[in-house]
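Asks: Quick one: the structure is below, questions incoming.
The values are calculated or read from the model by the stated rules, or taken from the named source; none is laboratory data. Predicted model only: the values in this text are computed from it and were never measured. A quick note on method: Cβ atoms are made from the backbone with ideal geometry, for glycine too, and the neighbour counts reach across all protein chains shown. In case anyone asks, the SASA skips ligands and DNA or RNA and just uses the protein heavy atoms, side chains included. Shrake-Rupley method; radii C 1.70, N 1.55, O 1.52, S 1.80 Å.
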Amino acid sequence: MLAFTVRRLLLAILTIWVISVLAFAIIQLPPGDFVTAYIAQLSASGASVSEAEAVSLRELYGLGQPFYVQYAKWIVRVIAGDFGVSMEWNRPVGEVIGDRLWLTMLISFAALILIWGLALPIGIYSAVRQYSIGDYLFTLIGFIGLAVPNFLLALVVMYLSFRFFGANVGGLFSSEYELAGWSWDKVVDLIKHLPLPAIILALGGTAQLIRIMRANLLDELRRPYVVTARAKGIPEYRVILKYPVRAALNPFASTVAYLFPYLVSGSVIISIVLSLPTVGPLLVRSLISQDMFLAGTIVLLLGALTVVGTFISDLVLMWVDPRIRHQLD
Amino acid sequence: MVEPRAPGSPILSVRDLKTYFQLDEGIVRAVDGVSFDVQAGRTLGIVGESGCGKSITARSILGIVDKPGRIVGGEIWLRRGADQPVDLATLPANSAAMRAVRGKEIALIFQEPMASFSHYYTVGNQIIEAIREHSDATPRQARDRAIALLDTVGVPQPERRIDEYPFQLSGGLRQRVMIAMALACDPRVLIADEPTTALDVTTQAQILDLLRGLQQQRGLALILITHDMGVIAEMADDVVVMYLGRAVEKGKVDAIFHAPRHPYTRALLRSIPSIMAAPRTKLATLGGSIPHPFNRPAGCPFHPRCDAFMTGVCDRAVPAALAGPDGSEVSCFLYGERP
Ligand SMILES: Nc1ncnc2c1ncn2[C@@H]1O[C@H](COP(=O)(O)OP(=O)(O)OP(=O)(O)O)[C@@H](O)[C@H]1O
Ligand code: SF4
Ligand SMILES: [Mg+2]
């Protein structure tokens, strides 16, 4: 158990490290160094930078030194919470990102909960009533869900709601809350806006997970321990929910490991379509305008949070599987 | 010690039971007209090669045949003291009446103790569940009863073992726990479906001893399913020999061993290596292979492998069961009328 946890933890740290190198590579990507670009940007807007200031900036970022020195200087500052300055906004990156990071995670998490909430009962139904009309129907809907990319779905939903309800479904807040500080009413407003993007984001994953749950459960339903439970005289629904469903739940829940990153990146795309105040639109804009500290930070934070989420789910899964729990202690 | 009941008042009477699987490729006649009686305090051995329908017979009795399997004919009479006997074959599989029989009046022990337990729950949880399903016991009472049961079946340190998971136990202990679970509600009929096949020789003997002891203490009617004639010799009072879903010979164990009549029974007996030398050896010397379920031979189903095959007789009609002395029966054209 301990060894398992340590192994997973090391793996998570390693992954985050790789992501950070990648993020820094993105920052380094544009031709010329950052300070030159920064100075050019400032002078374009009329301000000027003194020679002394430029030198101290070069010193701070370690420009002209090898990649790993620059990386080390950068990562030390990042760990201290200083992500650099956004050139486009001329403000610290942390400030620019603001709530957007959490909103991104919130939408992805809401989609995840929705996926589980839908795929679990439908998967159970489809397995227990294999080849029933309902099973075929869900299979059909599922394939459509898999085949339609979610940005397309987002566009269709936008169009339909605009066309028939005259409503703009974009955004996560009503206009009166958009710029307001956090309050209870704003949270309620957010909760009201959350379902639509969550549903759009969840559709493909739900279809996938229904297939996974159905296949796992069909497999478990044939196992001898199910016959044992039936032979005890327990009602059929309890036999199924307590035994094969429990067994099928573990591989089902562990899909979070690959589903979550997929949702986070999916949210980036549909956020652009639905103009949600997540990091998605920000990321795309920063890449276009070569606002590299902003882009690199977004990639780093999204990646790190995803890894942390996966790590936590790994631990929970391990804890709920008695075989792993007992073999390893 | 419970007094064995007088012969002639069986607890369970199976009559012409037929359980078929309707597949796309055709019908599998897994059980095709089997009849037998089970008495309190006695052991009925059901023996036959792999795939002859032993397990499906057991499951049919409890109404837990997997789809697309279905009981398509016959009767399964369960007698309850002074009450009217009930035909289990007529009870819907998920009815409360059928569930009240499962585990409570007829309990089942399985071949693979590893696969037959769920590994997500402790053994205690799985035993207590059976106790509470059929009684008003509080969780506390049910737990005490489960510990007592584990003690009865010879599980050491039952207070500790009850909270362990099946994968933490040895094969022999798992099978003991399985027996404890089957006894949870004091059933009158116990069906043991190859209870020792997955165990090593020493453990096998211990489990058989345990079953015999429990049967004597509790006056259980025991149905012991096996493909091992050695186990039959050691345990059974009465024997049913099955082949391709049919009972080809029935009789008292002495008669079966000393004067086997059906050529298949004789072949089975010849195939015992030597008494108990290597009980897990399968029926090696039995010539030919079991026909595919879709290719059931015409006439006597055993005829392609029979050393007493009579051309023009055995391949033309199915031999009917011929009653003999002492409730014995044989289905073979060597005896009785020929077509
Ligand atoms: N789910 C199923 N679908 C189709 N056919 C089945 C199914 N279960 C069992 N059968 C068929 O029923 C027949 C009898 O099976 P059964 O399990 O009763 O054999 P058995 O005598 O218990 O054999 P073994 O000694 O291997 O346990 C076999 O021919 C098998 O092919
Ligand atoms: S009926 Fe014929 S083929 Fe069948 S067992 Fe008897 S002798 Fe053999
Ligand atoms: Mg079997």
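Asks: Could you list all residues from the range B:302-339 that are free of Cβ contacts under 8 Å to residues at least 24 places away in the same chain and part of a strand (DSSP E or B)?
Replies: Correct list: B:322, B:323.
Asks: Out of the residues in the range B:90-100 that are of a type outside the set (Gly, Ala, Ser) and at the interface with another protein chain (Cβ under 7 Å from one of its Cβ atoms), state the one that is nearest to residue B:72 (Cα to Cα). Show your work before the answer.
Replies: Let us first name the residues in the range B:90-100 that are of a type outside the set (Gly, Ala, Ser), namely B:90-92, B:94, B:98-99.
Restricting the remaining residues to those that are at the interface with another protein chain (Cβ under 7 Å from one of its Cβ atoms) gives B:94, B:99.
Values: B:94: 17, B:99: 20 Å.
Ranking the candidates gives B:94 first.
Asks: Would you confirm whether any residue within the range B:199-218 is within 14 Å of chain A (Cβ to nearest Cβ) and open to solvent by less than 10 Å² (accessible area, probe 1.4 Å)? Spell out the reasoning first.
Replies: Residues of the range B:199-218 within 14 Å of chain A (Cβ to nearest Cβ): none.
Checked against the condition, which is being within 14 Å of chain A (Cβ to nearest Cβ) and open to solvent by less than 10 Å² (accessible area, probe 1.4 Å), the range B:199-218 yields no hits at all.
Asks: Quick check, is residue A:105 touching a residue at least 24 places away in the same chain (Cβ under 8 Å), open to solvent by less than 50 Å² (accessible area, probe 1.4 Å) and in the same structural domain as residue A:202 (by TED's automatic domain parsing)? Give the steps one after another, and end with the answer.
Replies: On the way: touching a residue at least 24 places away in the same chain (Cβ under 8 Å): yes; open to solvent by less than 50 Å² (accessible area, probe 1.4 Å): yes; in the same structural domain as residue A:202 (by TED's automatic domain parsing): yes.
For residue A:105, the condition - touching a residue at least 24 places away in the same chain (Cβ under 8 Å), open to solvent by less than 50 Å² (accessible area, probe 1.4 Å) and in the same structural domain as residue A:202 (by TED's automatic domain parsing) - is met.
Asks: So residue A:53 ticks every box in (1) over 35 Å from the mean Cα position of the chain (by Cα); (2) under 20 Å from residue A:89 (Cα atoms); (3) open to solvent by less than 80 Å² (accessible area, probe 1.4 Å) but one. Which box is left unticked?
Replies: Condition not satisfied by residue A:53: (3).
Asks: So which residues in the range B:115-133 are at the interface with another protein chain (Cβ under 7 Å from one of its Cβ atoms) and either part of a loop (DSSP other than H, G, I, E, B) or polar (S, T, N, Q) (or both), if there are any at all? Give the steps one after another, and end with the answer.
Replies: Initially, the range B:115-133 is screened for residues at the interface with another protein chain (Cβ under 7 Å from one of its Cβ atoms), giving B:115-120, B:129-130, B:133.
Answer for the range B:115-133, where residues must be at the interface with another protein chain (Cβ under 7 Å from one of its Cβ atoms) and either part of a loop (DSSP other than H, G, I, E, B) or polar (S, T, N, Q) (or both): B:115, B:116, B:117, B:118, B:119, B:120.
Asks: Hey, among B:74, B:69, which residue is more than 16 Å from ligand 2 (Cβ to nearest atom) and on the phi > 0 side of the Ramachandran plot? Talk me through it step by step, then tell me what you get.
Replies: On the way: B:69 fails: on the phi > 0 side of the Ramachandran plot.
Just a single option satisfies the conditions, and that option is B:74.
Asks: Let me ask something else about it. Quick check on the range B:202-209. Is at least one of its residues of a type in the set (D, E, K, R) and away from ligand 1 (no atom under 16 Å from the Cβ)?
Replies: Filtering the range B:202-209 down to residues of a type in the set (D, E, K, R) leaves B:209.
In the following step, the residues that additionally are away from ligand 1 (no atom under 16 Å from the Cβ) were identified as B:209.
The answer is yes, given that some residue of the range B:202-209 is of a type in the set (D, E, K, R) and away from ligand 1 (no atom under 16 Å from the Cβ).
Asks: Collect the residues in the range B:58-89 that are within 14 Å of chain A (Cβ to nearest Cβ) and within 16 Å of ligand 1 (Cβ to nearest atom), keeping them in residue-number order.
Replies: If the condition is that a residue be within 14 Å of chain A (Cβ to nearest Cβ) and within 16 Å of ligand 1 (Cβ to nearest atom), then B:58, B:59, B:60, B:61, B:62, B:63, B:64, B:65, B:66, B:67, B:68, B:69 are the ones that fit.
Asks: Being within 23 Å of residue B:228 (Cβ to Cβ) and open to solvent by 40 Å² or more (accessible area, probe 1.4 Å), is that true of even one residue in the range B:57-76?
Replies: The answer is yes, given that some residue of the range B:57-76 is within 23 Å of residue B:228 (Cβ to Cβ) and open to solvent by 40 Å² or more (accessible area, probe 1.4 Å).
Asks: Here is a further query. For the range B:153-171, what are the residues that are open to solvent by 60 Å² or more (accessible area, probe 1.4 Å), farther than 17 Å from residue B:114 by Cα and in a helix (DSSP H, G or I)? Full working, then the answer.
Replies: To start, the set of residues in the range B:153-171 that are open to solvent by 60 Å² or more (accessible area, probe 1.4 Å) comprises B:156-157, B:159-160, B:163, B:168, B:170.
The next check asks that each one be farther than 17 Å from residue B:114 by Cα; those that pass are B:156-157, B:159-160.
Hits for the range B:153-171 are B:159, B:160.
Asks: Take residue B:37 and tell me if it is away from ligand 2 (no atom under 16 Å from the Cβ), of a type outside the set (Phe, Trp, Tyr) and either free of Cβ contacts under 8 Å to residues at least 12 places away in the same chain or part of a strand (DSSP E or B) (or both). I'd like the intermediate steps shown before the answer.
Replies: On the way: away from ligand 2 (no atom under 16 Å from the Cβ): yes; of a type outside the set (Phe, Trp, Tyr): yes; either free of Cβ contacts under 8 Å to residues at least 12 places away in the same chain or part of a strand (DSSP E or B) (or both): yes.
Spelling it out, residue B:37 is indeed away from ligand 2 (no atom under 16 Å from the Cβ), of a type outside the set (Phe, Trp, Tyr) and either free of Cβ contacts under 8 Å to residues at least 12 places away in the same chain or part of a strand (DSSP E or B) (or both).
Asks: Within 26 Å of the chain's Cα centre (by Cα), within 13 Å of chain B (Cβ to nearest Cβ), more than 27 Å from residue A:101 (Cα to Cα) and of a type in the set (Gly, Ala, Ser): does that describe residue A:248? Explain how you work it out, then say what you get.
Replies: Working: within 26 Å of the chain's Cα centre (by Cα): yes; within 13 Å of chain B (Cβ to nearest Cβ): yes; more than 27 Å from residue A:101 (Cα to Cα): yes; of a type in the set (Gly, Ala, Ser): yes.
The answer is yes for residue A:248.
Asks: Go through the range A:278-329 and tell me which helices (runs of 4 or more DSSP H), entirely inside it, have 1 or more residues that are away from chain B (no Cβ under 14 Å). Before the answer, list the steps.
Replies: On the way: elements: A:279-288, A:292-320, A:322-327.
Result: A:279-288, A:292-320.
Asks: Let me ask you something else. Among the residues in the range B:88-102, are any touching a residue at least 60 places away in the same chain (Cβ under 8 Å) and touching a Cys at 6+ places or on another chain (Cβ under 6 Å)? Talk me through it step by step, then tell me what you get.
Replies: Within the range B:88-102, the subset touching a residue at least 60 places away in the same chain (Cβ under 8 Å) is B:89.
After this cut, where a residue has to be touching a Cys at 6+ places or on another chain (Cβ under 6 Å) as well, the list is none.
Within the range B:88-102 (the criterion being touching a residue at least 60 places away in the same chain (Cβ under 8 Å) and touching a Cys at 6+ places or on another chain (Cβ under 6 Å)), the answer is no, since none of the residues qualifies.
Asks: Still on this model: Only one of A:133, A:141 is closer than 23 Å to residue A:212 by Cα, open to solvent by 70 Å² or more (accessible area, probe 1.4 Å) and at pLDDT 90 or above; which? Please lay out each step first, then the result.
Replies: On the way: A:141 fails: at pLDDT 90 or above.
Testing whether each residue is closer than 23 Å to residue A:212 by Cα, open to solvent by 70 Å² or more (accessible area, probe 1.4 Å) and at pLDDT 90 or above leaves just A:133.
Asks: Which residues, taken from the range B:81-114, are open to solvent by 70 Å² or more (accessible area, probe 1.4 Å) and in a loop (DSSP other than H, G, I, E, B)?
Replies: Those that are open to solvent by 70 Å² or more (accessible area, probe 1.4 Å) and in a loop (DSSP other than H, G, I, E, B): B:82, B:83, B:84, B:92, B:94, B:104, B:112, B:114.
Asks: If you don't mind, another one. For residue A:262, work out the one condition from (1) within 30 Å of residue B:119 (Cα to Cα); (2) free of Cβ contacts under 8 Å to residues at least 60 places away in the same chain; (3) surrounded by 16 or more Cβ atoms within 10 Å (Cβ to Cβ) it doesn't fulfil.
Replies: (1)
Asks: Step by step: first the residues of the range B:45-56, then only those that are touching a strand residue (DSSP E or B) at 6+ places or on another chain (Cβ under 7 Å) and of a type outside the set (Val, Ile, Thr), then the one that is most open to solvent (accessible area, probe 1.4 Å). Which residue is that?
Replies: Kept after step one, since they are touching a strand residue (DSSP E or B) at 6+ places or on another chain (Cβ under 7 Å), are these residues of the range B:45-56: B:45-48, B:52-56.
Within this subset, residues satisfying the condition of being of a type outside the set (Val, Ile, Thr) are B:45, B:48, B:52-55.
Values: B:45: 0, B:48: 0, B:52: 6, B:53: 7, B:54: 11, B:55: 41 Å².
So, considering only residues that are touching a strand residue (DSSP E or B) at 6+ places or on another chain (Cβ under 7 Å) and of a type outside the set (Val, Ile, Thr), the one most open to solvent (accessible area, probe 1.4 Å) is B:55.
Asks: From the list A:287, A:282, A:274, which one is among the hydrophobic types (A, V, I, L, M, F, W, C) and more than 30 Å from residue A:160 (Cβ to Cβ)?
Replies: On the way: A:282 fails: more than 30 Å from residue A:160 (Cβ to Cβ); A:274 fails: more than 30 Å from residue A:160 (Cβ to Cβ).
Residue meeting the stated conditions: A:287.
Asks: State whether one or more residues within the range B:31-40 are surrounded by 22 or more Cβ atoms within 10 Å (Cβ to Cβ) and among the hydroxyl-bearing types (Ser, Thr, Tyr).
Replies: No - not one qualifying residue is present in the range B:31-40.
Asks: Continuing with this model, one more query. Determine whether the range A:82-97 contains at least one residue that is assigned to a helix (DSSP H, G or I), over 22 Å from residue A:20 (Cα atoms) and among the charged types (D, E, K, R).
Replies: The initial filter retains those residues of the range A:82-97 that are assigned to a helix (DSSP H, G or I), namely A:93-97.
Right, trim to over 22 Å from residue A:20 (Cα atoms) and you get none.
Within the range A:82-97 (the criterion being assigned to a helix (DSSP H, G or I), over 22 Å from residue A:20 (Cα atoms) and among the charged types (D, E, K, R)), the answer is no, since none of the residues qualifies.
Asks: Condition first: at pLDDT below 90 and of a type in the set (S, T, N, Q). Now tell me which residues in the range B:246-301 satisfy that.
Replies: Correct list: B:271, B:274, B:281, B:285, B:289, B:295.
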